[in-house]
Structure formats: structure tokens, C-alpha cells
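**Student:** One structure follows; several queries about it will come next.
Here, each number is a calculation from the coordinates, and none is a lab measurement. Keep in mind it's a predicted model, so treat the numbers as computed, not measured. Because the Cβ atoms are built from the backbone with ideal geometry, glycine has one as well, and the counts that use them run over all protein chains shown.
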Amino acid sequence: MMSKLLSNILTLGLLLVLTGCVSDKDVVEEVDEKTFPVEVINLAIDANTSKIKYVGVLQPEIYREKTFTNFTVIEKIYVEEGDVVFVGDLLAKQDTTELEANVDKTYQARETAKNEEESAYQNMLAKELAYKDSKNSTSEYNAELKADMEEKESIMNTEKAEYDAVKAEYEIAEADYNTAKTEYDDAVLARDAIDQGADPDGYAAAQLIVTEKETTMDAKELVMEAKATKMNNQNAEYIQAQVDYNTAKNKYDIAIEEGVSVNTEIAEANYNASKAQYEASKSKTKMYDLAYEEAKDALDDSYMYSDIDGYVLKIISEEGEVASPLFPVMVLGSSDTIVTIGISQNDVRTIEVGMKAEISISTLDFDGEVISISKIPDESSRTYETFVSFPEDKYNFFIGESAVVDIIVGESEGIWIPINIIQNDGEDFVYIVSNDRVFKKIIRLGSIDNDFVLVEGLEAGDQLISNGIKSVKPGYLVKITNEEELNNQEVTDINENDEDYNESSGQKLEEGDADNEENY
């Protein structure tokens, strides 16, 4: 206890000695702390339009992959990539030599069938009259019935032979198709065994083989189906011939057993035969009518026309290649354009079809609307492809141009501040004034509405520094003032930075600078 008291007495004495040694001229004069003028915004809760910004690209609203339906050589392509096309413009043409010949052939066959139909009709009328006139006649009836039965038997045997031949063709076509299908299935298995990520070139080569095998299989399937149709038609004719034969045989058997009037039965048989011939000729005419129309359609399809107003985006095939319905010759894009953006997974449940949008392209602004949102994300970016429409009839934009899209998702209530006063040193922050001192506040940015952004990290009543930001740092003493005083202070700051006085090197102030000495 005594030692502690002694220590305090010695300390007090030392202080008194030191104080007595200081002269008046050595007293350090206290320097006032510099005050910086700033302008502030008194923050309050506001409701502003909430927007989500994306950058997208212009693309056609409609794509068309143009293909030929005929497996025929491409004779001429009349357009090039980038050409403007309109509805009805001729784009390409196939070699029509065989197609035109087929049209002529089916036309002649149809005309022949029509003539045969007319002849059969007239014959039926004559046979009907003869039948009515000979109902009471009994001569040579049985012989005619027998001849008719034998004729029907001969026809039946001929139809059977033709059916067997067509069936054999079908079985060959079916075997070819099964072989092609097996090769296609094997190619698919070989492709799927390749790791696309590890061996993209191998996978692409295998995919090419799969495509070739699939094309071959489809062609074989078409041939098989055509043979099946032909076989079924021939089988129907064979069955009808059997029916005709059995009918004729039954009539003959009845006539023999009952002794029916020969002349009447013959006349009736002739009439029925002529009637059946007429019906058959009508069916034949319809068949050739259909063949002729199909031939004309095939010829028409060998000319490719544009069905939209737009542009030629890509030429895929070349003149001299054999066209296939499975591969497009070219791709067209409509002149009407839309903006494509990729919506993030965070925003996809916020943005909805029908929401309005503000679109900026170069220096032009448009009002737009969200017209579709993909349900499946992009494999690489994991964003959802979204289309935004806008009116651009009088502007000639280019495919691929960038566009800034602000999607209006509603109104958000909170603290909104000007974007231009936000600073960043790795984090977004602003300066506020509290008790005349500068404080740094870290903020998080939200929705943007023109030059304002919704932020978190600030409160209503905060005094946000909006002007004079460059002159202050955290901890500085500030004075809230008007714009004129602030501009004067900024001029003073500039002048101070240009002074020759350098405190660290001990240079003397120039005459007339005494008023600025307190600032150092």
C-alpha cells in the first residue's frame, strides 16, 4: 500500500516539473478539424416498378426447314444465303424428267380407263335389254352357263397366279426391310456405346452412320408398304374372282339339276357379267384418277416455293444431290423478328407469359411482351429460352443484333436509390451521414427501374450522400449543405491540391496563402 502511494507522489511531481519547463511560446495551438460539405437524400420507403434486366439477341419469329418430298436429284437452287424472299418465290427445283413422264403415263392410263368404263356401260345396257328380251328363251342355256363358269375359273386361276407373284415380291421387300432395320438398330447400339463427351468426333461419325442407315431403312419400308398394298389389292381381285367362279358354277349346277331356261339364264348371266365389268371399270377409272393426281402432286412438289416473307438463313443441300424428305434443302427465317433471352432458374418462376417488357436496340426503344417460356433449360447454360415480341415493322434490324430487355414484373416497395451513387470495392456500398460523420454501408442490389435500384442494407430515415462523394471517406466530418456551397468547396479542394506547399518536405507557404494554412 505504501509503495503504491509513493509511486503516485513521484508521478505527480514529475508532471509538475515538466509543466513548469514549458514556455508560453511552446504551447501547441489546437487546429480545427476540416469539415466537408455534402448533399444528402433523406431515404424513405417508396414503391417503384420492379424490372428484371436481360441481354438477348434478335432472331426470326418463324423458322422453316424446306424439304422435297421426292427422292429426286436437285436440278437448280435459285437463292443464296442472305437473300430476301417473299411468299410464292421459287427457291429450288428438282429434275422433273421422270416426274413429267409419269404424269403423261398416268394421264393416258386414266383416259383409257374412262373409255373402257363408257364402253362397259354401253355393253351393260345392251346386255340388260337382251336379258329382258330372252327371259322366255331356253336354247343353249346350259352350254353358255358352262362356258361362263369355265371363263370365270380361268380368270380365277390367272388372278391366283398374279397374287402368288406379288406375294413373293412383298416377301423379298419385307426381308430387305428387316435387314435394313437390323443394320440401323446395330448402328444405334454402336453409337450409344460411344461416350459423346470423351469422343465427340467418334460419336458424330457414328451418328452419321445411324442417319444413313435410318434413311435406307425408311426407303426399304416405303417399298415394302407399296408391295403390301399391291399384294392386298391383288388378293382382293383373286377373292372376287373366286366369288365370281363359285357364282357361275352354282348357276350352272342349278340349271343342270332344274333344267332352267337356257336362253334366260344366259341372258341373265351376260347381264350380270356386264354389270360387274362396268363396276370394275369404274373402280379402275377411280384408281387411275388417283394415280394421275398423285403424279401431278409429285410434279408440283418438285418445285420448292417460299411460304413466308423473310430471309434465306442457310443453304444445306447442293445442286446435283439427291433430295430426301428427311433432310432440308435450306432454312428460311421470317422477316418478323423477336428477342430471345435466357431466363435464370431464379427468375423463371417470377417471369410469366404476357408480362410487358421494355426493349432497347441500339438507340431505339420499344414496348414488348413475353410470348413464350421454354419448359426445358438449355443443357449448357441451364437457362430457359424465352421469346419477347416487339413491333419493328419500319426498322430493318439484323439477325443476331443484341437487345437489352427489361421485363416488368410488378411494383416493389422498399428503399430505392440512384444507381450512379453506388460504389464498389469488391462489394457494393454507399456513404451515409450520422452525427455529422461519414459511414460506409454495404448494400445488396435488387430490381432496377430506369436510373434507380431497389437495395437492402439501408433504412428509412438514413441520410444518403448523393453529392460530394469523391471528397469524403468513412469518419470524415461533414456538413449537409446546398449545391452552390458544395461546388465552392470542390473548387477549394482542387486549389489545395495544386498548392506548392508540401508539409512532408517542409516547404514554406507562399505569401497570401496564410488563409489556407488551417487546411493542412
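**Student:** When you count, for each residue, the other Cβ atoms within 10 Å and take the mean per peptide, how do 223-230, 40-47, 307-314 rank with the highest first? Don't skip to the end; give the middle numbers.
**Tutor:** Working: 223-230: 16.4, 40-47: 13.9, 307-314: 18.0.
The densest-packed peptide leads the list: 307-314, 223-230, 40-47.
**Student:** Once the dipole of the range 97-303 is set up with Lys and Arg at +1 and Asp and Glu at -1 on Cβ about the Cα centre, which of ALA226, LEU299, ALA255 lies farthest towards its positive end?
**Tutor:** The listed residue farthest towards the positive side: ALA255.
**Student:** Going by C-beta contacts inside 10 Å, put GLU111, GLU117 in order with the fewest on the left.
**Tutor:** Numbers: GLU111 13, GLU117 20.
Listing GLU111, GLU117 from fewest to most nearby Cβ atoms yields GLU111, GLU117.
**Student:** Here is a further query. Please compute the contact order of the range 97-303 in relative form: average sequence separation of alpha-carbon pairs under 8 Å and at least six residues apart, divided by the residue count, as a percent.
**Tutor:** Relative contact order, the range 97-303: 51 percent.
**Student:** Would you mind calculating the gained length between ASP46 and GLU61 on full extension (0.36 nm times residue separation, minus the Cα-Cα distance), in nm to one decimal?
**Tutor:** 1.5 nm
**Student:** Oh, and also: Tell me, what is the FRET efficiency for SER360 and GLU171 to the nearest 0.05, using R0 = 51 angstrom and their Cβ-Cβ distance as r?
**Tutor:** On the way: r = 67 Å, r/R0 = 1.32.
Efficiency computed from Cβ-Cβ geometry: 0.15.
**Student:** Using only the alpha-carbon atoms, what does the range 97-303 span along each of its principal axes? Please give whole angstrom values in decreasing order.
**Tutor:** Largest to smallest, the principal-axis extents are 92, 40, 19 Å.
**Student:** Label the range 110-189 by shape, choosing from rounded, prolate and oblate, from the square roots a ≥ b ≥ c of the eigenvalues of the Cα gyration tensor; if a/c is under 1.5 it is rounded, and otherwise prolate applies when a/b is larger than b/c, oblate when it is not.
**Tutor:** Here the range 110-189 falls in the prolate category.
**Student:** Then there is this: For ALA161 and GLU294, what does the FRET efficiency come to when R0 = 25 Å and r is the distance between their Cβ atoms, rounded to the nearest 0.05? Please report the intermediate quantities before stating the final value.
**Tutor:** Working: r = 28 Å, r/R0 = 1.12.
It comes to 0.35.
**Student:** Return the subset of LYS160/LYS181; LYS132/LYS251; LYS51/LYS314; LYS249/LYS275; LYS220/LYS296 for which the Cα-Cα distance in this structure is over 26 Å, preserving the input order.
**Tutor:** Working: LYS160/LYS181 31 Å; LYS132/LYS251 18 Å; LYS51/LYS314 36 Å; LYS249/LYS275 18 Å; LYS220/LYS296 24 Å.
Pairs exceeding the cut-off: LYS160/LYS181; LYS51/LYS314.
**Student:** Positive end of the charge dipole of the range 97-303 (Lys, Arg +1 and Asp, Glu -1 on Cβ, about the Cα centre): tell me which of ALA109, ALA143, LEU290 has its Cα farthest that way.
**Tutor:** ALA143
**Student:** Now for a different question. Between ALA198 and GLU118, what length comes free when the chain is fully extended (0.36 nm per residue of separation minus the Cα-Cα distance, one decimal in nm)?
**Tutor:** Contour length minus the Cα-Cα distance gives 21.7 nm.
**Student:** Right, something else. Sort PHE398, PHE68, PHE36 so the one with the fewest other Cβ atoms within 10 Å of its own Cβ comes first. Could you put the intermediate results ahead of the total?
**Tutor:** Working: PHE398 8, PHE68 23, PHE36 19.
The fewest-first ordering by Cβ neighbours comes to PHE398, PHE36, PHE68.
**Student:** Take the Cβ-Cβ distance between ILE254 and TYR303 as r, set R0 to 51 Å, and report the resulting FRET efficiency rounded to the nearest 0.05.
**Tutor:** So the FRET efficiency works out to roughly 0.25.
**Student:** Using 0.36 nm times the number of residues separating GLU401 and LYS470, minus their current alpha carbon distance, what extension gain do you get?
**Tutor:** Contour length minus Cα-Cα distance gives 21.1 nm.
**Student:** Go through LYS93/LYS227; LYS356/LYS470; LYS146/LYS282 and tell me which ones have a Cα-Cα distance over 31 Å in this structure.
**Tutor:** Pairs exceeding the cut-off: LYS356/LYS470.
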